[in-house]
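Have a look at the structure below before the remarks.
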Amino acid sequence: MKIYLESLGCRLNYSEMESLGRQLTDAGHAVVDAAEQADVCVLNTCAVTGEAGRKSRQLARRLARSNPAARLAITGCYATLAPETVAALPNVELVVENRRKEMLAELLQPWSAELDGEQWRRLAPDAPLHLPGRTRAFVKVQDGCNNRCTFCIVTVARGPERSRPAAEIVAEVQRLTAEGFQEAVLTGVHLGGYGLAELPSFPKDGNSASPLHTLTAAILEQTELPRLRLSSLEPWDIDPAFFDLWAQSQGRLCPHLHLPLQSGCDRTLKRMARRTRTASFRALVEAARAAIPDLTLSTDMIAGFPGESAADFEESLRFVEEMAFAHIHVFPYSAREGTAAASFGGQVPVEERRQRVDALEAVARRSAEAVRRSLLGQTRPVLWETLERPANGAGPLWSGLTDNYLRTHAIAPPGIDLENRITPARLTALDGEVLWGQLGACPVTRNP
Ligand code: SF4
C-alpha cells in the first residue's frame, strides 16, 4: 500500500506518525509524500483547543477532496474525544482512539490484502529509514498524564501515564543515529513523568535522579547521537542534579528548555492547578541558567484564564518579561468540554482575551529580539535542514537551528550541500526572529 501520513498538534503526534512510518516501511509499505499518491491517508488529530479540533476536521475534509479514492484512517486526541463526528467525515473508514494508536499498522493490514491483492511484500530489508530533508527525529518515550491542570483536555484524550522501557528507547536512538539522524528529540505528553508510573515507590523527595534523568544519561552514554534535545518539561518535574547532565554531555545535550509556565500570576496558577508558583519557577530558571551556558528558554502562556483580573494579567505580563524567554507560544484561553475550568466563573470576554494575547505577543517579540541580540558575535553549532532558494550568484541560502534552538540562515559557497550537517556558524546579524550565520570563518565538510 502507498500510505500518506499527516499530523497536527504536538511533537508527540509527529513522533507517533514517524514511528508508524517506520513500522509501515518495515512491513513493506511505501510512505508517500502526498495524499494524491496514496491508497490510504492517516491523520493524527489534535484537540488541545477548540481551534485545533476545527483544524482537524478541516484537514480531514481536505485530504478527502485531494484524493477521493483514498481511504482515511483518523486517530489522535480529536478522534478520541469526538469519534462519531470524525466517523461522519467524508471517506473516513477507520477511527482509532489514542489507546489503540500503537496498533495502527495492524489495523491497516486488512486493507493491504484488499488493495494490494497480495501478501505483504518486503522492500529491501535495509531500506533507509532516513527520509531526505529529515534531520531531526522525534522519539516518543511516554504517553498520558496524571496531572490535572484545570484547562487541559489532553489528560482526557491521552489517559494515564505509561512509559516505554529505557532499553527500547536507547536501541531506537542507536538505530536513528545509524540511519544518519543528527538530532533526536525526546517527547511525550508529560515527559517529566517518564518512568514514574512504573516506579510507584520512586521517592518524591525531589533529590533522587528521576527516571528521565537516568534515561537521558543512558542515551548520552550508549549512543553516538550528535545532538539530543528534550521537548516540553513541566517545571515541577526537574530534580536539582538534572542540570549536571549538560556539563557531562560535552555539548551533545542541547542548551534549550521548553518550560510551560501558562501564567505569571500565582492566583491564576492556583486556579489552573499548576504545581508551580512564580518563586519556584524563578529559582528553577536561575539554577538552569547558572548550570547551562547560553541556555535559551521557551514557554507556553494562556491569556484570559477564567477569573484572571486585569491586575492578575499585568502581574503575569511583568513576570514573563522578567524571565526573558527566547520564544513564547501564546494561546487565548479555550474552554474545553470535560475540563474543570470550562465551568469556572469569571470567564473573560473573548475580545479581552484577544487583547491580552496581543500584549503577551508584544512581550514575546521584545524578549525574542533581546535574547538573539545577546548572542550576536558568538559561534554556535547549527544543524542545517533546508535549502531556502537556489543559488543566484550569492550562493545557496541554508536554514537550520542552533544547538540552543534559534532559527539561523547562512549563505554557503556554491556546490556545498549542508543538508543534515552540523557546522559552526558565527552569528552576525538579526532579521526579525532569524539569525544570520557566517560559515566562511569555519571549515565546511563537502558532501561525498
Ligand atoms: S501537565 Fe497539565 S497541561 Fe501538561 S498534559 Fe498534564 S494536565 Fe495537561
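Taking the range 274-287 as the range and being away from the ligand (no atom under 16 Å from the Cβ) and either of a type outside the set (Asp, Glu) or within 13 Å of residue 316 (Cβ to Cβ) (or both) as the test, the residues that pass are 278, 279, 282, 283, 285, 287.
Residues in the range 135-167 that are more than 10 Å from the ligand (Cβ to nearest atom), in contact (Cβ under 8 Å) with a residue 60 or more places away in the chain and under 18 Å from the mean Cα position of the chain (by Cα): 135, 136, 137, 138, 139, 140, 141, 143.
How many of the residues making up the range 325-341 are open to solvent by less than 40 Å² (accessible area, probe 1.4 Å) and under 23 Å from residue 369 (Cβ atoms)?
Filtering the range 325-341 down to residues open to solvent by less than 40 Å² (accessible area, probe 1.4 Å) leaves 325-326, 328, 330, 333-334, 336, 339, 341.
Filter once more, keeping what is under 23 Å from residue 369 (Cβ atoms): 325-326, 328, 330.
The total comes to 4.
Residues in the range 95-140 that are over 16 Å from residue 17 (Cα atoms) and modelled with pLDDT of 70 or more: 109, 110, 111, 112, 113, 114, 115. Of the residues contained in the range 309-322, none is found to be open to solvent by 40 Å² or more (accessible area, probe 1.4 Å) and within 16 Å of the ligand (Cβ to nearest atom).
So, in the range 371-385, of the ones that are touching a residue at least 40 places away in the same chain (Cβ under 8 Å) and open to solvent by 60 Å² or more (accessible area, probe 1.4 Å), which residue ends up farthest from residue 321 (Cα to Cα)? Among those residues, the one meeting the criterion is 379. Of the helices (runs of 4 or more DSSP H) entirely within the range 1-116, none holds at least 3 residues that are in the same structural domain as residue 156 (by TED's automatic domain parsing) and either among the hydrophobic types (A, V, I, L, M, F, W, C) or in contact with a helix residue (DSSP H, G or I) (Cβ under 8 Å, 6 or more places away or on another chain) (or both).
Each residue in the range 146-167 was checked for being buried (at least 20 other Cβ atoms within 10 Å of the Cβ) and outside any helix (DSSP H, G or I), and 6 pass. If only one of 43, 81, 8 is at pLDDT 95 or above and under 30 Å from residue 301 (Cβ atoms), which one is it? Selected residue: 43, the only one of 43, 81, 8 that is at pLDDT 95 or above and under 30 Å from residue 301 (Cβ atoms). The sole residue among 170, 156 that is among the aliphatic types (A, V, I, L, M) and at pLDDT below 95 is 156.
Taking the conditions (1) farther than 28 Å from residue 376 by Cβ; (2) of a type in the set (S, T, N, Q); (3) surrounded by 18 or more Cβ atoms within 10 Å (Cβ to Cβ) in turn, residue 296 satisfies each one other than (1).
The values are calculated or read from the model by the stated rules, or taken from the named source; none is laboratory data. None of these values were measured; they are calculated from a predicted model. Cβ sites come from the backbone with ideal geometry, for glycine too, and all protein chains shown count toward neighbours. For the accessible areas, the whole protein counts, side chains as well, though only heavy atoms, and no ligand, DNA or RNA atoms are used. Shrake-Rupley method; radii C 1.70, N 1.55, O 1.52, S 1.80 Å.
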